[in-house]
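These notes concern the structure reproduced below.
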Amino acid sequence: MPLSIDFKSGDKIIINGAVIENLGANVRLSVHNQAAILRGKEVLSAEDSNTPASRVYFALQCAYIFPQNQDEYVESSKKLLTEYLGACPSAQPIVDEIFENISNEEIYKSLKSAQKLIVHEGEILSKLGAELDGVAVE
């Protein structure tokens, strides 16, 4: 079944490593074969990968977009995941999910799981910030 993509004016999309920007009117695309596709909202720049979880996402994103270097990026993401888990054991279920997706060679699914890791990281940092605020008040 083809993948339908609404491609709005000004939006960017990556298809098999090529960045494509819609400079005209809104378009609806239909992709009929296997392709590595990331919509603009799913793309994380190197500059924006500035937290441990976002670095995991970025490495997996590169593994997905650049299959010729996939092994290198997957190994990097595994190392980052192991380090993350050492610092944040509560992320174990999400990390397990990412590792499972990687072992099943489902890199796009691992990206979706890495989004959960970013959310988890934000929640942990928010809790820590609230705790520190509570200590500072006392």
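The values are calculated or read from the model by the stated rules, or taken from the named source; none is laboratory data. Predicted model only: the values in this text are computed from it and were never measured. Don't worry about glycine lacking a Cβ; one is built from the backbone with ideal geometry, like all the others, and counts go over all protein chains shown.
Below, the figures for the structure above:
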quantity	calculated
Any chance Glu72 is surrounded by fewer than 14 Cβ atoms within 10 Å (Cβ to Cβ) and part of a helix (DSSP H, G or I)	yes
Matching residues, the stretch 29-66, being in a strand (DSSP E or B) and in contact with a Ser or Thr (Cβ under 6 Å, 6 or more places away or on another chain)	Ser30
Set Glu138, Glu131, Glu42: member being under 17 Å from the mean Cα position of the chain (by Cα) and either modelled with pLDDT under 95 or within 29 Å of Ile5 (Cβ to Cβ) (or both)	Glu42
Lone qualifier among Leu85, Leu44 - being of a type in the set (A, V, I, L, M), closer than 20 Å to Ile13 by Cα and surrounded by 15 or more Cβ atoms within 10 Å (Cβ to Cβ)	Leu44
Residues of the stretch 1-56 satisfying the condition of being among the charged types (D, E, K, R) and touching a helix residue (DSSP H, G or I) at 6+ places or on another chain (Cβ under 8 Å)	Asp11, Lys12, Glu42, Asp48, Arg55
Per-region count, the stretch 1-28, residues assigned to a strand (DSSP E or B), in contact with a Ser or Thr (Cβ under 6 Å, 6 or more places away or on another chain) and surrounded by 12 or more Cβ atoms within 10 Å (Cβ to Cβ)	0
Residue in the stretch 103-121 that is surrounded by the fewest Cβ atoms within 10 Å (Cβ to Cβ), counting only those that are without any contact (Cβ under 8 Å) to a residue 40 or more places away in the chain and closer than 20 Å to Thr51 by Cβ	Val119
Among residues of the stretch 89-130, those that are touching a helix residue (DSSP H, G or I) at 6+ places or on another chain (Cβ under 6 Å) and farther than 21 Å from Gly17 by Cβ, counted	11
Leu23 vs. criteria more than 23 Å from Lys109 (Cβ to Cβ), modelled with pLDDT of 90 or more and not polar (S, T, N, Q)	yes
Ser77 vs. criteria touching a Lys or Arg at 6+ places or on another chain (Cβ under 9 Å), free of Cβ contacts under 8 Å to residues at least 60 places away in the same chain, at negative phi and not assigned by TED's automatic domain parsing to the domain that holds Gln34	yes
